[in-house]
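Since the structure comes first, as structure tokens, the remarks are kept for the end.
The values are calculated or read from the model by the stated rules, or taken from the named source; none is laboratory data. Quick caveat: nothing in here was measured; it's all calculated off a predicted structure. When we count neighbours, we look across all protein chains shown, and the Cβ atoms used for this are built from the backbone with ideal geometry, even at glycine. To get the accessible areas, we keep the full protein, side chains included, count just its heavy atoms, and leave off ligands, DNA and RNA. Shrake-Rupley method; radii C 1.70, N 1.55, O 1.52, S 1.80 Å.
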Amino acid sequence: MDQLLIALDVERSATALALADSLRGIAGGFKIGCRLFTSEGPSIVRALVAKGDRVFLDLKFHDIPNTVAQAVAAATSLGVWMVNVHASGGTGMMQAAGDAAREAAARAGTTPPLVIAVTVLTSMTAETLAEIGWGQSEDSPGSGIRGAGSVIDRVVRLAQLAEAAGLNGVVASPLETATIREHCGRDFAIVTPGIRGGGAGTTERDDQARTMSAGEAIASGASYIVVGRPIIAAADPRAAAEAIVEEARRGAPTSR
């Protein structure tokens, strides 16, 4: 399923590659996050790209624009299909990220990766936003960008900033997908983590606060769903992935 991105949230390349081998053909791509990349470095990206896999490098870059641009250029040189930054880094940082991806791809004669922006982490709640001082703010006059008070307001504001900065889409919880789609249109990519389902359990503490099932997320307008623990922690990861794909297909709009 093209829309299913499986998170290889493991520590070692051998485990990640074995999972990818067992899930290839059902996954639309594989996500490499901080844990695996920190343990194994760029070699795991190269190994998956060499096998023809689409790789979503989920490192959530958030720094000054020049530093983020350099990091995105480096990711592009690895052949990643998608890479993300934090939308809260601001318009200038996001523009620098998008420009760097296009320029690095042009130099290499390749297709630039999708550059998307993280809005509000799915572990965060209204209480968390208040704790870090992301309180009420006014709409930006004349910009069409709404203020940021509640979680949904914050998410939509950051999504609109990402779109205005020329990025390809955002990462947001499935609870906000329909509202983002309303404000940012059909062609704006929405990547939704925090997906549950597939009949797989895990003994890990579940720190996702804003979640939905695969079918609900697709029905709400998600472009891609990211699933990790319900698949990779299952006794039979491929069977768990197949169950999630079936659930997602039941939720898919008939026009998709």
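Brief remarks follow.
- Shown are 86, 62, 183, whose ranking by accessible area with a 1.4 Å probe and every protein chain present, most to least, is 62, 183, 86.
- Surface per residue (accessible, 1.4 Å probe) for the stretch 1-152, Å²: 44
- Nearest-0.05 FRET efficiency for residue 35 and residue 127, computed from C-beta distance (R0 25 Å): 0.40
- Matching label, Cα extents along the principal axes in Å computed from the structure shown, candidates [x] 54, 34, 30; [y] 52, 41, 38; [z] 50, 39, 32: [y]
- Take the Cα of residue 150, step 7 Å toward its Cβ, do the same at residue 111, and the gap between the two points is 3.8 nm.
- Most positive-pole-ward Cα, 118, 55, 71, against dipole of the chain from beta carbon charges: 55
- A Förster radius of 35 Å combined with the Cβ-Cβ distance from residue 91 to residue 18 puts the calculated FRET efficiency at roughly 0.25.
- 17 Å cut-off, amide nitrogen to a point 7 angstrom out along residue 77 Cα→Cβ, residues in the stretch 15-49: 41-47
- Of all accessible heavy-atom area on the chain, the percent that carbon and sulfur account for (1.4 Å): 49
- Exposed GluC sites (Glu not before Pro) absent - longest run of the chain, DSSP non-H/G/I/E/B, at most 16 other C-beta within 10 Å: 12-137
- Distance from the Cα centroid of the stretch 93-130 to that of the stretch 13-65 is 17 Å (rounded to whole angstrom).
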